[in-house]
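Read through the structure below, which is laid out as structure tokens, and then see the notes.
FYI, it's all coordinate maths here, none of it is from the lab. This structure is a prediction, so every number in the text was calculated from the model and none was measured. Note: ideal-geometry Cβ built from the backbone for every residue, glycine included; neighbour counts use all protein chains shown.
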Amino acid sequence: MNRLRDYRGQAAVYLYLVAISVVILVPLLWVVSTSLRLPVESYSLPPKWLPTDFRWENYYEVLFSYYLEKEGIFVGSQASANVPFLHMMKNSFVVCFFVTFGQIFFCAFAGYAFARLKFPGKDVLFWLVLATMMIPIQVTIIPIYILLFNMGLHDTLTGLILPAIPSAFGTFLMRQYYLRIPSVLEEAMIIDGGTQWQIFWRVYFPLGTPGMVVLGILAFNYHWNEFFRPLILLSTDSNFTVPLGIVALRDYKMTGSISVVLAGIVLSIIPALCIYLFGQKHLIEGLLAGSVKG
Amino acid sequence: MASIQLRSLRKTFEGVEAVRGIDIDIAQREFVALVGPSGCGKSTTLRMIAGLEDVTDGQIVIGDRVVNDVAPKDRDVAMVFQNYALYPHMNVFQNMSIALTLRKLSKAEISARVAAAAEILGIEDLMDRRPKQLSGGQRQRVAMGRAIVRNPAVFLFDEPLSNLDAKLRVQMRTEIKKIHRRVQTTVVYVTHDQVEAMTLADRIVVMNAGQIEQMAPPQEMYDRPVSRFVAEFIGSPSMNIIPCQVRREGAQVWLDLDDDLRLPAPGGRYELYQPFAGREMLFGIRPEHITEQRPHVSEGDCDFSADVSVLEPLGVDTMVFIEINGREVCGRATPRSVAGEGARMRFTAHMDHMHLIDPDTDLVVNQQ
Amino acid sequence: MIDVASLRRTKTILGYLFVAPTIIGILVFTAGPIAFSMILSLFYWDILSPMKYAGIEHYRWLAEDPVARTVFQNTFVFGVVVVVLQNLLGFTLALCMRNVLNKYFRFFFRSVFFMPLLMSGATVSVFMAYFFNTDFGIVNYYLSIIGLPTVPWVSSSDVVLLTTSIVYTWQHVGFTFILFLGAFSTLPTEVLDAADVDGITGWRKVWYLYLPLVSPTIFFASVIGFIHAVQVFDHPYVLTRGGPGDSNRTAVMMIYDVAFKDLEFGYGSAVAIALFAVIFVATMLQFWAQKKWVFYE
């Protein structure tokens, strides 16, 4: 199937691709258009795929109704007034920000050390890093919860951020990127009189930027969408992250008017979309590079 | 065994014309080599014959059908690739037999064919091995075996020896020639090595920048190149090309090469060359036709003196480099006859084998 | 003069300095917890009252608990179904992409298939729940229009696990898709050309060439895919909270219920360890089996 000669085969291929694309896009389209619909109509059948109304009030409601109600102003239906969505978005941003940059920072250092520095026990430590990459999160979540509980961090964003910063995967990724940088650069720097620190800071760290971008995108995306850990660790509404917020919204609304919930969903997808558009080239190349050797 | 015709064949890649309207007629059982430098379009042409590239314009005829729209597998061609292209996950037997299995030949027939091909190529003992367990030469043989068992109308070779080391290459060249004698199929052989083309082909097609420079049997290609490109491409070391001034003196055409060096063109070529008198032309002569001074055998032989600048002994001959008109000119002399580097030496130029090239058209002045 | 000794010393010091935060972090938040988990599984504990030794009581209970049996069965079946679907879809879609030469189309398809991976499993499940709602769901609506019987996607214990599989696969198709796209781009084109000339085309080409040549990628996708699928929590939790009954409950959900709802941290740890063991064994089996069907250069 290098190039199909016959038109029938070519048409079948495109048909298949388009069909699957439709299956993926259609629900998303429905989400967007229903998020703009009047709440009462949001569940009407037959479903309308394209937005016909543009009720931006839904978005307004999702974001602000909680706060406005505190002031005595009631917007829209009652239920969303229980969900401080704006807070949740802020929380998610805070968590993702610190985790992303924390990971990038520490993994860059550690990755470099494993790639280019020599110290006794390096191989053992690296093996430790590799091994922990394969540990599923559930095995560690209970002890981590207990630890954070004892430290008083169990309903805080800090408790969410801290355990997420040391990343075995991130270290591994950065190490691979640094290994690809030719060591002659290091030797040139030594001859030029640079110290080890300068070699790292001025040569490898800047050159490892693509790796850091990939790591950053993956880390941000993963933690923006995380549900399990926040569900366990956080108990107060105002500390929730966005995925928790969406589920909370849904629970309050039931099948009443889902357009507000969908508005929240659309809002939650926007950052992911932006990150994708910004870094999609880097991201897909990074993933492809890793998949080559199976 | 089928004949092949390429008619006004053209191929464009994203605005770049790789093959610019070529016409070739290949007879049944003929061994034709396509030679040329990288990028000349020879591989593209071969791939179009195979059906791996679409034709932009023109026709490809194999046997008596136009195959432009026919899939590769239905063209009855077999191909041997530069990198062997063996199926890495199949052993040698499977590599050779898979095409036959898929065409539903009987097991007996398949074994027979594979055995026959293996015997011709000397790979009977390798049947169970995987490609990665084979040496380069063995892989190439298996690749050829895979093509032979198909009993195709045409064999296509795409630089099959380029990845082998020099000694192996020479060995395999002879093998290919012997196989062609036995199997007697039409062959189109692409290479950038003119020695391979000369030794293997019944006819050579020299290509340059998407076009055909000349189509001729090897000896004719050597003796009567049509253009400067062919003259320089065929023959190793390359033909010497020296700028000269053409002068007519009475009934003799002279070529003034240097302040103190002039050589007479053979008398028989007076009519041919005298129109160019007064012009600056290019004098072409192969190194093997500049020798140490020898007794004259034909009237075209002519002696001259020059200083030796470099000597390169080859054992059988010694290459002598002299300087004429600012250019390095190469000659071949018997080892014992050469003077030392820096010394002056007498040479004989065998002018019967000279060529005169028009620098404006880069064509050899035709001796037909 | 370059002082080799002091260079080496600096490298050592810097080395430890650089890896220290990460190593400490890993020890505190990963390695340590694993060990603690294993120990904890041997105790009764609910944080409030002191620990009581339980020995292997939790594991015995696990082996006999009918809920545990259902849960692990669900988890395993889910893992297998999802991996098969993901590989099938990812492989075929990536294969089809080889025929799409226009770079705008390529960008379009790549983005579309990849996009759902950027979303939260919880979020996806929220709107998918509306889609698959038995009474008002859009899927059932269209089924009834065509005349097909409606399916109790989230309300029947026989179907709900399938629904979760569908939703999960919908979101994760991009993963295998990208993997196979990468794998196909590294195939030796000459071998594929040789196949064209030899007559190995169409479906045969897929069977005899594409499949064996990317078998390492299929293996990788299966191993990683299974490990991820078996840890699923967001989708079944958000879709139906595990219901009806326990038909949509997975192992991680059980850990959540046991540890954080019933506050039985010891039992919860035991379930986690058991899950880890299942993953480990399944992965080892896959590694062992790969000799039979995976082809490496």
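Each Cα pair under 8 Å and six or more residues apart adds its sequence gap; the mean of these over the residue count of chain C is a relative contact order of 28 percent.
What is the projected area of the convex hull of the Cα atoms of the stretch B:57-104, averaged over all directions, in nm²? Walk me through the numbers on the way to the answer.
Numbers: hull surface 19.7 nm².
Reported value for the Cα convex hull: 4.9 nm².
When B:30, B:14 are arranged by Cβ crowding within 10 Å, least crowded first, meaning fewest neighbours, the order is B:14, B:30.
Computed on the stretch B:1-117, the Cα convex hull volume stands at 139 Å³ per residue. Going from the fewest other Cβ atoms within 10 Å to the most, the residues A:169, C:287 appear in the order C:287, A:169. Centroid-to-centroid, using Cα positions, the stretch B:286-357 and the stretch A:110-172 are 78 Å apart. In terms of other Cβ atoms within 10 Å, B:244, B:330, B:302, A:274 run from fewest to most in the order A:274, B:302, B:330, B:244. Can you tell me how chain A classifies by the Cα gyration tensor, rounded, prolate or oblate, using a/c under 1.5 as the rounded cut? Cα axes put chain A in the oblate bin.
The spacing between the stretch A:215-252 and the stretch C:77-134, judged by their C-alpha centroids, is 23 Å.
Find how much the distance from residue B:319 to residue B:211 grows on full extension, using 0.36 nm per residue of separation minus their present alpha carbon separation; answer in nm with one decimal. Please list the in-between numbers first.
On the way: separation 108, 0.36 × 108 = 38.88 nm, distance 3.34 nm.
Full-extension gain reported as 35.5 nm.
In order along the stretch B:43-56, the Karplus-derived 3J(HN,Hα) couplings, from 6.51 cos²θ - 1.76 cosθ + 1.60 at θ = phi - 60°, round to 5, 4, 4, 4, 5, 5, 4, 6, x, 7, 10, 6, 8, 6 Hz, and Gly and Pro are given as x. Sorted on the mean count of surrounding Cβ atoms within 10 Å across their residues, most packed first, peptides C:163-173, B:232-242 read C:163-173, B:232-242.
If R0 is 51 Å, the Cβ-Cβ spacing of residue B:27 and residue A:10 corresponds to a FRET efficiency of close to 0.85.
From other protein chains only, count the Cβ atoms within 10 Å of every residue's Cβ in C:49-55, then give the mean. Can you show the working numbers first?
Numbers: counts 0, 0, 0, 0, 0, 0, 0.
The shielding value for this peptide is 0.
Starting from the Kirkwood radius over alpha-carbon pairs of the stretch A:178-273, derive D by Stokes-Einstein at 25 °C in a medium of 0.890 mPa s and give it in µm² s⁻¹. Working shown, then result.
On the way: Rh = 17.1 Å.
D = 144 µm²/s.
Sorted from longest to shortest, the spans of the Cα atoms of chain C along the three principal axes equal 84, 74, 37 Å. Computed from label points 7 Å out along Cα-Cβ, the spacing between residue C:9 and residue B:358 is 8.2 nm.
Equivalent-ellipsoid semi-axes (√(5λ), Cα gyration tensor) for the stretch A:50-159, whole Å, largest first?
Numbers: eigenvalues 392, 69, 35 Å².
Rounded to whole Å, the semi-axes are 44, 19, 13.
In the distance distribution for chain B, Cα-Cα pairs more than 25 Å apart total 61 percent.
Note on the stretch C:250-297: Kirkwood radius taken over Cα pairs, Stokes-Einstein applied at 4 °C and 1.567 mPa s, translational D equal to 105 µm² s⁻¹. Distance between the modelled labels on residue A:190 and residue C:145, one decimal in nanometres: 7.1 nm (7 Å Cα→Cβ projection).
Around the amide H of residue C:154, modelled in the peptide plane, lie the amide H atoms of C:134, all under 5 Å away and 5 or more residues distant in sequence or on another chain. Partner shielding of A:150-162 amounts to 0, given as the average count of beta-carbon atoms from other chains within 10 Å of each residue beta-carbon.
Our coupling estimate for the stretch B:347-361, obtained by passing each phi through the Karplus curve with A = 6.51, B = -1.76, C = 1.60 and θ = phi - 60°, is 10, 10, 9, 8, 5, 4, 9, 7, 10, 10, 10, 7, x, 6, 10 Hz, Gly and Pro reported as x.
Counts of other chain beta carbons within 10 angstrom of each beta carbon in peptide C:6-17 average 6. Of the Cα atoms belonging to the protein assembly as shown, the radius of gyration and Dmax stand at 38.0, 127 Å. Dividing the mean sequence gap of close Cα pairs (under 8 Å, 6+ apart) by how many residues chain A holds gives a relative contact order of 29 percent. With contacts taken as Cα pairs under 8 Å at a separation of at least 6 residues, the stretch B:1-78 carries a relative contact order of 35 percent. The order of the peptides B:194-206, B:132-144 by mean Cβ neighbours within 10 Å, most packed first, is B:194-206, B:132-144. Modelled spin labels at residue C:185 and residue A:237, positioned 7 Å past Cα toward Cβ, are 4.7 nm from each other.
Grab the other residues whose beta carbon is less than 11 angstrom from that of residue C:191, score K and R as +1, D and E as -1, and report the net.
On the way: positive: C:205; negative: C:190, C:193, C:196, C:198.
Value of the local net charge: -3.
When the charge dipole of the protein assembly as shown is built from unit charges on Cβ atoms (+1 for Lys and Arg, -1 for Asp and Glu) and taken about the Cα centre, the candidate among C:152, C:287, A:31 whose Cα reaches farthest toward its positive end is C:152. Using the Cβ of residue C:20 as centre and a radius below 15 Å, the other residues enclosed give a net charge of +2, where K and R count +1 and D and E count -1.
Over the C-alpha trace of the stretch A:83-231, radius of gyration and Dmax come out as 17.7, 61 angstrom. Applying 0.36 nm per residue to the separation of residue A:22 and residue A:198 and subtracting their alpha-carbon distance, the gain on full extension is 58.1 nm.
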